[in-house]
Every structure is written in C-alpha cells, then in structure tokens.
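J.: I am attaching a structure below and will ask some questions about it afterwards.
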Amino acid sequence: MSEFKKLLTTSEIAKIIQMHPQCVRDQAKLGLLPAYKIGSHWRFKLEEVERKLQVNALKATEKAFTTQIR
C-alpha cells in the first residue's frame, strides 16, 4: 500500500518538473516519461522521472560536446 502513496498525479509531477500537464501526458503516452496508466489516469514515481530527465540532460550535453569537437 505504501508503494501507491509514492505515485504522483499528472498535475503534481508537472509542477515539480515545470512542464504543462498536457505535455506530461503526451510524453507519458509516447513513452518518453516513465509512467503508469491506472484506469484513465497517469501516475508517476518522482525518482523514475528525475532519473529519466537526468539521463536526457546528460545525453544532450554529450551531443552538444561532440558536435563542438567536430
């Protein structure tokens, strides 16, 4: 039961990551943000979303760095 308490709503995660709720839903639907579909609602684990965003930021940094080297 405590596992479900860690799940955040679309609005909650949108506020935390400073993104519009519709963008959060769209990215969840496309599999770009880790999410769980419960009925008709998306739910998110903060730790998983933060990890995904950190990985994306690292990839963007690596890409920018390698582009500058060429």
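J.: Apply 1/(1 + (r/R0)^6) to the Cβ-Cβ distance of residue 16 and residue 37, taking R0 = 25 Å, and write down the FRET efficiency to the nearest 0.05.
T.: Result of the calculation: an efficiency of 0.80.
J.: Next question. With respect to the cross-link table entries 15/52; 15/59; 15/63; 6/59; 29/63, which display a Cα-Cα separation exceeding 19 Å?
T.: 15/59; 15/63; 6/59; 29/63
J.: Right, next: Relative to the longest principal axis of the C-alpha atoms of the chain, give the angle of the C-alpha long axis of helix 46-69, reported between 0 and 90° and rounded to the nearest 10°.
T.: 10
J.: Would the chain count as rounded, prolate or oblate if I go by the C-alpha gyration tensor, calling it rounded below 1.5 in a/c and otherwise prolate when a/b exceeds b/c, oblate otherwise?
T.: prolate
J.: Calculate, in nm to one decimal, what residue 9 and residue 65 gain on full extension: separation in residues at 0.36 nm each, minus their alpha carbon distance.
T.: 16.6 nm
Just so you know, all these numbers are worked out from the coordinates, no wet-lab data involved. From a predicted model like this one, the values you see are computed outputs, not experimental measurements. Glycine also receives a Cβ, built like all others from the backbone with ideal geometry; neighbour counts cover every protein chain displayed.
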